[in-house]
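J.: Attaching a single structure in structure tokens format; questions to follow.
The values are calculated or read from the model by the stated rules, or taken from the named source; none is laboratory data. Everything numeric in this text was worked out from a predicted model, so none of it was measured. Using ideal geometry, Cβ is built from the backbone for each residue, glycine included, and neighbour counts are taken over all protein chains shown.
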Amino acid sequence: MVLNHRLDDGDTDGAYDRTCRISDDGRCVGAVAQPVVEDQYADLQKKFADAYNRKDVDAMAAAFTEDTIRVTPSGIFVGREAIRRNLQDVLNLDLHDYSVERNVSRSFGNFVFNAGEWQAKFGDQPQHGYYTAIVVREGDRAKIMEKTVTVAAPGQ
């Protein structure tokens, strides 16, 4: 069994992934701590927001894996092409000035779980909500494998 845990020692060096192979008797053997390259996940988020604000649906869809799942208030979309069509529908609503802030990020083996808040404007009305995403490595790039998006309840 392999255990992967993210540590943040509060130092300016940032977070570390500590990977440990568990022996048959439950001991941690071969523990290795390596710096986490946060830039790849921050870049993914930034590039998606930039593409959203440019209304570049192809670049937005490219942030997802081929067999991805996206759950939204308007339905469940499976596969990059279905998500691309859904994102085009969202852009057609004239949502603009999109921004996103990641509040939680946790690493589990090859997966990174992110949760945060998004904001945009619908016409001149501000909108906001929450998201979760599971991000994986696809080649040398981070890609979204699963994303759930919610809209905040009125008054929140």
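J.: Which number in (1) surrounded by fewer than 16 Cβ atoms within 10 Å (Cβ to Cβ); (2) of a type in the set (S, T, N, Q); (3) more than 12 Å from the chain's Cα centre (by Cα) marks the one condition that Asn103 misses?
T.: All conditions are met except number (3).
J.: Let me ask something else about it. Quick check on my filter: what residues within the range 119-146 are of a type in the set (A, V, I, L, M, F, W, C) and in contact (Cβ under 8 Å) with a residue 24 or more places away in the chain?
T.: Ala120, Phe122, Val135, Val136, Ala142, Ile144, Met145
J.: Moving on. Can you pull out the residues in the range 71-96 that are loosely packed, with under 12 Cβ neighbours inside 10 Å and either touching a Gly at 6+ places or on another chain (Cβ under 8 Å) or not assigned by TED's automatic domain parsing to the domain that holds Ala49 (or both)?
T.: If the condition is that a residue be loosely packed, with under 12 Cβ neighbours inside 10 Å and either touching a Gly at 6+ places or on another chain (Cβ under 8 Å) or not assigned by TED's automatic domain parsing to the domain that holds Ala49 (or both), then Asp94 is the only one that fits.
Residues checked against (1) among the aliphatic types (A, V, I, L, M); (2) in contact with a His (Cβ under 7 Å, 6 or more places away or on another chain); (3) farther than 14 Å from Asp43 by Cβ:
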position: Val100; (1), (2), (3): yes, no, no
position: Gln119; (1), (2), (3): no, yes, yes
position: Pro126; (1), (2), (3): no, no, yes
position: Val149; (1), (2), (3): yes, no, yes
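J.: It is to be established whether one or more residues within the range 67-76 are part of a strand (DSSP E or B), at pLDDT below 95 and at negative phi.
T.: Narrowing the range 67-76 to residues part of a strand (DSSP E or B): 67-72, 75-76.
Pick out the ones that are also at pLDDT below 95 and you get none.
Among the residues of the range 67-76, not one is part of a strand (DSSP E or B), at pLDDT below 95 and at negative phi, which makes the answer no.
J.: Within the range 61-70, which residues are over 25 Å from Gly123 (Cα atoms) and surrounded by 14 or more Cβ atoms within 10 Å (Cβ to Cβ)?
T.: Ala62, Ala63, Phe64, Thr65, Thr68, Ile69
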